1. Can you tally the lysine pairs in the chain where the Cα-Cα distance is under 21 Å and the two residues are eight or more apart, or on different chains?
2. If amide H atoms are built 1.01 Å from N in the plane of the peptide, which residues on other chains or at least 5 residues away come under 5 Å of the amide H of V17?
3. For the stretch 13-107, restrict the atom set to alpha-carbon positions and state the Rg and Dmax in Å.
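No lab work stands behind these numbers, since they all come straight from the coordinates. Since this is a predicted model, take the numbers as computed values, not measurements.
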Amino acid sequence: MTDIVSAILAINPTAQVTVNAEDINQITWKKDTPVISKEDIQAKQAELQADYDAKQYQRDRTVPVIRGTGSYPSIQDQLDMLWHDKKDGTTTWEDAIQAVKDAYPKA
């Protein structure tokens, strides 16, 4: 679940708050930050979580070099595939990329 501070900052990017133990009942509003209702914070948390969940395919497709996980071949391997495809008239790169897109389709 998206944390409370992230939800508050998505609603009001200049908000200054602290939250104790991720407890919605333990928010301290600092300076002149207007108070945001618990319902609005929870609705924003749900919205941010839904957006995050909807983009799982993007995280699944990431290049390992960038995020440490993922399915796409490394950039170096992709460049090598492209070079060989051009030289040999093959479609190795296209096939590799399409396999990832097929395995992790957009939702």
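1. 5
2. K30
3. Calculated on Cα positions, Rg and Dmax stand at 22.0, 66 Å.
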